[in-house]
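Q: Submitted below is the structure of interest, expressed as structure tokens.
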Amino acid sequence: MHPAPSVLVFTVLSGLGFGALAFLAVFVHPYGWPAFALWGLGYGLAIAGLLASTFHLGHPERAWRAFSQWRTSWLSREGLAAVATLVLLAPVALSDWLGLGLPRAFAVPGAVLALATIATTSMIYAQLKTVPRWNHWTTPAQFFAFALAGGAMLTGQGVAPLLLALLALALLAHWHYGDRRFAEVGASMGSATGLGPLGRLSVFDPAHTAGNYLMREMIFVVGRKHAARLRVIALVFACLIPALILFLPAHPATTGAAVLAHLVGAFAARWLFFAEAEHVVGLYYGKRQ
Amino acid sequence: MTCLPAKTDKKLGLAIDLDTCVGCNACVTACKGWNDQGYGAPLSDQNPYGADPSGTFLNRVHSYQVQPVDRAAITVNFPRSCLHCEAAPCVTVCPTGASYKRAEDGIVLVNEDACIGCGLCAWACPYGARELDAAAGVMKKCTLCVDRIYNENLPEEDREPACVRTCPTGARHFGDFADPDSKVSRLAAERGGFELMPEMGTKPVNRYLPPRKKDALDASPLAPLLDIKATGFAGWLDRMLGKI
Ligand code: SF4
Ligand code: SF4
Ligand code: SF4
């Protein structure tokens, strides 16, 4: 699948933002200007991510329509959950900043919805049977691990190193199972054309000699050969370096450095998430046997 | 609404004969031509006469070589268009309700006025049947020529999909798969019509009819030639050359 920059920014930033919002709502009780800064960061990341997601739309001005099909569509549910989270947590954020003393129970629904937003984002990808690598529990696991580890780091939680370790496990699991998924699902050029029982198949003549939307969007082969190296970079930057930095004395600068390193790793991992994912339509083009 | 109808009254679709298809691409051209002038946004081309042309098509024809174990290889031409699936994943993933499956005849369509061009439906389709139009920014897909099949302004014989109407070898058949006596249902039953990628759980309506079994040649077709005894001048030449 084509790793479109808008979608990378969307999933990485909004994941981090909603993870931070969940922690702010329940575990952190900031006050005054620190509260303004923390909540502002959470909101800023979440909203920046959501805005980025509209950049790959053919008609962004109609984006409001995407709130309507929550009954069947994970993308629609994602939009609703995201907006509901931002609305529900706004009074809590204001109260923290201005010291209004809103009881903490008010933050619980917003925190639950922040988690729901992360789940729905991951299900947009995990639901797709056509992309076997994504169609697996390790997709939601990876999205949750990223959001929670990043959120914990950003809000200075002691549990962050543990969550970073879990993230490393989630990434390893996604790669381990992902590498086997296509074969496991069993789609082949034979089943795609139904000609499998007749004999050995190969592409004789392509359906078109220039590229098309399908090939640009779903048959992305560039850079797969660097996958192994990028996996190491993702693990080192997203998990290892931040965990080491977090053992230094707590200070906004160390937190910032840890989060920045984490983001580099997160973008590498998310790029791989797309670039390594093969869509079954590639079978028609002989891009996979 | 992106909920799929529990049942559709009709199941309109195509039976595509891989035995008779000669890969002429007439259906590709007819489809592009018809869908350039009526229903929804025209199928655009980008840089059509340049070095890197690209464009939107609702139907494309692939060609495969099949090498059986005991016979000569065959070429199979393979048209690929929307299969109007009963459990269409492209419909349920759509966040706007632009994609829908009609309860009356099972045709899967896109309401282009509501489509935001997110592309998720194209990701959900295993068959590459949806292409986002680069000029219009909306999703295009086969409409089963819904603007022909019910169109009373057309002569009766033209009220079938453009690709079916135009195919010079009659390799594409249109009809109702819900009716066991329809031409397409009988064709599928008699010829062993199959679904594509049943493991994807989409329950396609369209059926593909397999290539018929070809005769196997007993031995090399050139074998008899090897025994020819030349006579006359050719025989003399043959003997002379053999001595050199
Ligand atoms: S072939 Fe693809 S686009 Fe057509 S109904 Fe099936 S899943 Fe949807
Ligand atoms: S591209 Fe259009 S039809 Fe397809 S899922 Fe998005 S909104 Fe729906
Ligand atoms: S039925 Fe119409 S829209 Fe569909 S492939 Fe044939 S010509 Fe194109």
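Q: When you scan segment B:95-190 for strands (runs of 3 or more DSSP E) that lie fully inside it, which ones turn up with 3 or more residues that are touching a helix residue (DSSP H, G or I) at 6+ places or on another chain (Cβ under 7 Å)?
A: B:99-101, B:130-132, B:172-176
Q: Further question: Hey, can you tell me all the residues within segment A:112-126 that are buried (at least 21 other Cβ atoms within 10 Å of the Cβ) and over 13 Å from the mean Cα position of the chain (by Cα)?
A: A:LEU113, A:ALA114
Here is a yes/no grid of residues against (1) touching a residue at least 40 places away in the same chain (Cβ under 8 Å); (2) in contact with a Ser or Thr (Cβ under 6 Å, 6 or more places away or on another chain):
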{"position": "B:ALA114", "(1), (2)": "no, yes"}
{"position": "B:ASP133", "(1), (2)": "yes, yes"}
{"position": "B:ASN153", "(1), (2)": "no, no"}
{"position": "B:PRO161", "(1), (2)": "yes, no"}
{"position": "B:ARG165", "(1), (2)": "yes, no"}
{"position": "B:ALA178", "(1), (2)": "yes, no"}
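Q: Then there's this: When segment A:79-93 is examined, which residues are found to be more than 8 Å from chain B (Cβ to nearest Cβ) and open to solvent by less than 30 Å² (accessible area, probe 1.4 Å)?
A: A:ALA81, A:ALA82, A:THR85, A:LEU86, A:LEU89, A:VAL92, A:ALA93
Q: For segment A:70-170, please list each of the helices (runs of 4 or more DSSP H) lying entirely inside it that holds at least 1 residues being among the β-branched types (Val, Ile, Thr) and more than 30 Å from A:TRP33 (Cα to Cα).
A: A:108-126, A:138-154
Q: Still on this structure, please answer the following. Which of the following residues is open to solvent by 30 Å² or more (accessible area, probe 1.4 Å), within 11 Å of another protein chain (Cβ to nearest Cβ) and over 27 Å from A:VAL185 (Cα atoms): B:ALA135, B:ALA189, B:ALA216, B:ALA178?
A: Going through B:ALA135, B:ALA189, B:ALA216, B:ALA178 in turn, just one is open to solvent by 30 Å² or more (accessible area, probe 1.4 Å), within 11 Å of another protein chain (Cβ to nearest Cβ) and over 27 Å from A:VAL185 (Cα atoms): B:ALA135.
Q: So, one more: Just one of B:ARG159, B:ARG102, B:ARG165 is within 16 Å of ligand 1 (Cβ to nearest atom), more than 14 Å from chain A (Cβ to nearest Cβ), open to solvent by 40 Å² or more (accessible area, probe 1.4 Å) and at pLDDT 95 or above; which is it?
A: That would be B:ARG102, the only listed residue that is within 16 Å of ligand 1 (Cβ to nearest atom), more than 14 Å from chain A (Cβ to nearest Cβ), open to solvent by 40 Å² or more (accessible area, probe 1.4 Å) and at pLDDT 95 or above.
Q: When you scan segment A:203-217, how many residues do you find that are at the interface with another protein chain (Cβ under 7 Å from one of its Cβ atoms) and assigned to a helix (DSSP H, G or I)?
A: 3
Q: A follow-up question, please. With (1) out of contact with any Gly (no Cβ under 8 Å at 6 or more places or on another chain); (2) under 22 Å from A:GLY190 (Cβ atoms); (3) open to solvent by less than 20 Å² (accessible area, probe 1.4 Å) as the list, and B:ILE107 as the residue in question, which single condition is left unmet?
A: Among (1) out of contact with any Gly (no Cβ under 8 Å at 6 or more places or on another chain); (2) under 22 Å from A:GLY190 (Cβ atoms); (3) open to solvent by less than 20 Å² (accessible area, probe 1.4 Å), B:ILE107 violates only (2).
Q: Scan segment B:76-96 and give yes if some residue there is of a type in the set (Lys, Arg), open to solvent by 20 Å² or more (accessible area, probe 1.4 Å) and at the interface with chain A (Cβ under 9 Å from one of its Cβ atoms), otherwise no.
A: Among the residues of segment B:76-96, not one is of a type in the set (Lys, Arg), open to solvent by 20 Å² or more (accessible area, probe 1.4 Å) and at the interface with chain A (Cβ under 9 Å from one of its Cβ atoms), which makes the answer no.
The values are calculated or read from the model by the stated rules, or taken from the named source; none is laboratory data. Keep in mind that what you see is a predicted model, and the values were worked out from it rather than measured. No Cβ is skipped: glycine too gets one built from the backbone with ideal geometry, and neighbour counts run over all protein chains shown. Please note that ligands, DNA and RNA were not included when accessible areas were found on the heavy atoms of the full protein model with its side chains. Shrake-Rupley method; radii C 1.70, N 1.55, O 1.52, S 1.80 Å.
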